[in-house]
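Have a look at the structure below, then the notes.
The values are calculated or read from the model by the stated rules, or taken from the named source; none is laboratory data. Keep in mind the model is a prediction, meaning the values are calculated, not measured. Every residue, glycine among them, receives a Cβ derived from its backbone with ideal geometry; neighbour counts consider all protein chains shown. Note: areas computed on protein heavy atoms with side chains; ligands, DNA, RNA excluded. Shrake-Rupley method; radii C 1.70, N 1.55, O 1.52, S 1.80 Å.
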Amino acid sequence: MTLLVLQHVSKAYGGVPALRGVTLTVSPGEIHALMGENGAGKSTLIKILAGVVAPDSATIRMDGAPVVIDSPRVAHRLGLRFIHQELNVVPTLSVAENILLSQPVPRRLGLFVDWAKLNRLAGEALKTLGITHIDPRAPLAALSLGDQMLVKISSALVSEPGAPARLYVMDEPTAALTREESERLFRVLNEIRRAGNSVLYVSHRLDEVMTLCDRATVLRDGVAIDSGKLADITHNDLVSMMIGRKVQDAYPAPARPAESRELFAAIDLSGPGVGPITLAVKAGEVLGIAGLSGMGQTALLRMILGDTRAKGDMRLDGQPWRPRGPADAWQGGVAYVPAERRSEGLVLSRPIYENITLPHLSRQSRSGLLLLRGLERALSQKLGDGVRLKANTVNQRAVELSGGNQQKVVFAKALNGTPKLLLLNEPTRGVDVGAKFDIYQIIRTMTAKGLGVILVSSDLPELIGMADRIAIMRSGEVKDVVAAQGLGEEALLNLCYGRDAAKVA
Ligand SMILES: Nc1ncnc2c1ncn2[C@@H]1O[C@H](COP(=O)(O)OP(=O)(O)OP(=O)(O)O)[C@@H](O)[C@H]1O
Ligand SMILES: [Mg+2]
């Protein structure tokens with residue numbers, strides 16, 4: 001019998017449909033992929049199943065019996081477990097508290113919490129994912145984004161005698177994970193399948209979906225357009241189904257080679273825990289930065305922005321480069337797309353157009369405010385269109401956008417103005433295949449004009465496909481710089497690990 005049947009699921013936000021009569025079925029013992037472009041309605045469907053968002057209409061059956069899911073507690077009792085796209089964790093609480101206390105089921109721990117037991121249970125939960133490097137007593141805020149995600153996943157995996165889990169729903173769990181961490185998660189998912197339980201899985205990483213999942217349902221503009229076995233379709237079929245048109249499954253070629261003129265250079269740059277780093281970016285060049293997570297990539301970008309104090313010298317366009325922080329760097333021609341869009345890149349409660357233009361406008365004249373606002377909107381519209389932003393209007397608040405579209409707003413904001421150097425930190429994380437290609441094309445257009453790009457990415461094919469040269473960071477230093485052309489993924493990964501460096505150079 002089918003485990004879960006969703007039918008006639010519809011939901012509109014302020015009159016604009018997000019889901020229209022969607023049907024989805026999940027069988028026992030399958031990993032079912034839920035696919036679709038940014039804004040297609042995946043997270044909305046999941047939130048309805050979780051009892052977090054009320055649908056306009058929905059018929060839900062579990063094991064053939066109709067159910068009404070009107071709160072997270074009901075969903076939990078039915079054996080549904082969720083890892084939502086947004087990390088809703090409590091940063092001030094410890095890892096253990098986040099794992100064990102954030103469940104919707106009330107716990108009678110008595111007046112005194114048995115901390116030793118709590119920490120031990122949390123440690124065991126982490127071990128199901130093979131994680132031993134995270135201290136259950138540490139405050140969650142002290143952890144990297146990837147580690148926070150692992151904590152979140154562990155918390156969904158905690159088994160409970162009263163309400164056994166049947167279906168795990170994961171909305172882009174690997175977006176912030178390294179390859180190694182993702183592999184661990186996949187092993188756990190395979191265990192879940194073997195035990196006869198099921199997974200509903202959302203990811204924009206198609207290779208991952210093709211190898212991991214049994215069937216897929218594709219949403220486009222809120223409509224379920226197809227579902228079927230993944231063994232029967234190709235990667236390219238899946239892409240066409242998702243975006244309704246064909247894309248080249250590749251990276252756009254540079255319009256012309258990088259100039260020989262040096263645009264930016266860092267000499268013996270060092271800061272807390274990183275460096276010394278020496279590197280240079282030519283005009284029109286994309287310099288990729290590769291490395292395992294936490295090897296100093298973000299710290300390097302922060303030093304270039306003047307966000308952290310650094311020793312050493314930097315030059316931009318032949319002039320000494322010493323910005324006092326991101327705003328100052330922006331004025332000097334260095335724009336930044338941060339990895340953590342929700343906390344660093346956006347003011348979620350403000351409209352899209354303000355998010356794109358305001359940070360920079362504050363330094364320009366604000367007289368004639370109304371006229372300016374009209375210009376702001378028009379400019380935002382143009383920049384948003386350039387990255388295929390899916391929004392009803394630019395007046396919409398950023399919080400109302402789907403995850404991938406929030407990332408596009410951050411990108412549009414970086415392109416506003418005339419940057420000379422663009423610092424990109426995981427720019428396509430959570431972005432759908434079609435939009436990824438658009439972003440790559442924008443990078444090519446910019447470099448053709450002589451702009452330089454520093455691209456930090458954990459997506460190795462992306463680095464190889466987009467960068468001219470790749471600098472490999474290990475332990476806070478640039479250990480190798482290699483030409484991207486002709487470099488294999490395996491070779492690059494080995495460089496990241498510091499293995500066989502001589503053989504691949
Ligand atoms: N709270 C909200 N208010 C208004 N509109 C919303 C709200 N939440 C979602 N939407 C809209 O519903 C549509 C579907 O969004 P959803 O988050 O489900 O997309 P998604 O498929 O998960 O995309 P992504 O891959 O980018 O995460 C989008 O157009 C989005 O802007
Ligand atoms: Mg989503």
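Here is a yes/no grid of residues against (1) among the aliphatic types (A, V, I, L, M); (2) touching a Cys at 6+ places or on another chain (Cβ under 7 Å); (3) more than 25 Å from Leu157 (Cβ to Cβ):
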position: Val9; (1), (2), (3): yes, no, yes
position: Val16; (1), (2), (3): yes, no, yes
position: Thr23; (1), (2), (3): no, no, yes
position: Ala50; (1), (2), (3): yes, no, no
position: Val53; (1), (2), (3): yes, no, no
position: Met62; (1), (2), (3): yes, no, no
position: Val68; (1), (2), (3): yes, no, yes
position: Gly79; (1), (2), (3): no, no, no
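On the stretch given as segment 20-45, residues that are within 18 Å of Asp432 (Cα to Cα) and either in a loop (DSSP other than H, G, I, E, B) or within 8 Å of ligand 1 (Cβ to nearest atom) (or both) total 10.
Within segment 189-207, being open to solvent by 20 Å² or more (accessible area, probe 1.4 Å) and out of contact with any strand residue (DSSP E or B) (no Cβ under 6 Å at 6 or more places or on another chain) holds for Asn190, Glu191, Arg194, Ala195, Gly196, Asn197, Arg205, Asp207.
Residues that are away from ligand 2 (no atom under 16 Å from the Cβ) and among the polar types (S, T, N, Q) within segment 58-91 comprise Thr59, Ser71, listed in sequence order.
The residues in segment 26-53 that are away from ligand 2 (no atom under 15 Å from the Cβ), over 14 Å from Tyr168 (Cα atoms) and either open to solvent by 50 Å² or more (accessible area, probe 1.4 Å) or among the hydroxyl-bearing types (Ser, Thr, Tyr) (or both) can be counted, and the count is 0. On the given criteria, is Leu219 surrounded by fewer than 22 Cβ atoms within 10 Å (Cβ to Cβ) and not in a helix (DSSP H, G or I)? Against the criterion (surrounded by fewer than 22 Cβ atoms within 10 Å (Cβ to Cβ) and not in a helix (DSSP H, G or I)), Leu219 does not qualify. Taking the criterion of being surrounded by 15 or more Cβ atoms within 10 Å (Cβ to Cβ), of a type in the set (A, V, I, L, M), within 16 Å of ligand 1 (Cβ to nearest atom) and modelled with pLDDT of 95 or more, the only residue of segment 54-92 that qualifies is Ala58. Number of residues in segment 378-416 that are charged (D, E, K, R) and open to solvent by less than 30 Å² (accessible area, probe 1.4 Å): the value is 1. Selection of segment 446-493 for residues being modelled with pLDDT of 95 or more and basic (Lys, Arg) yields only Arg469.
For the criterion of being within 16 Å of ligand 2 (Cβ to nearest atom), of a type outside the set (Gly, Ala, Ser) and at negative phi, Lys408 passes. Being buried (at least 22 other Cβ atoms within 10 Å of the Cβ), in the same structural domain as Leu185 (by TED's automatic domain parsing) and hydrophobic (A, V, I, L, M, F, W, C) is a condition met by at least one residue of segment 7-17.
Candidates in segment 423-444 are the residues that are not in a loop (DSSP other than H, G, I, E, B) and not aliphatic (A, V, I, L, M); of these, the one that is farthest from ligand 2 (Cβ to nearest atom) is Arg444. The residues of segment 1-50 that are farther than 17 Å from Gly79 by Cβ, in contact (Cβ under 8 Å) with a residue 60 or more places away in the chain, touching an Asp or Glu at 6+ places or on another chain (Cβ under 7 Å) and aliphatic (A, V, I, L, M) amount to a single one, Ala40. Scanning segment 454-464 for any residue that is open to solvent by 10 Å² or more (accessible area, probe 1.4 Å) and more than 19 Å from the chain's Cα centre (by Cα) turns up at least one such residue.
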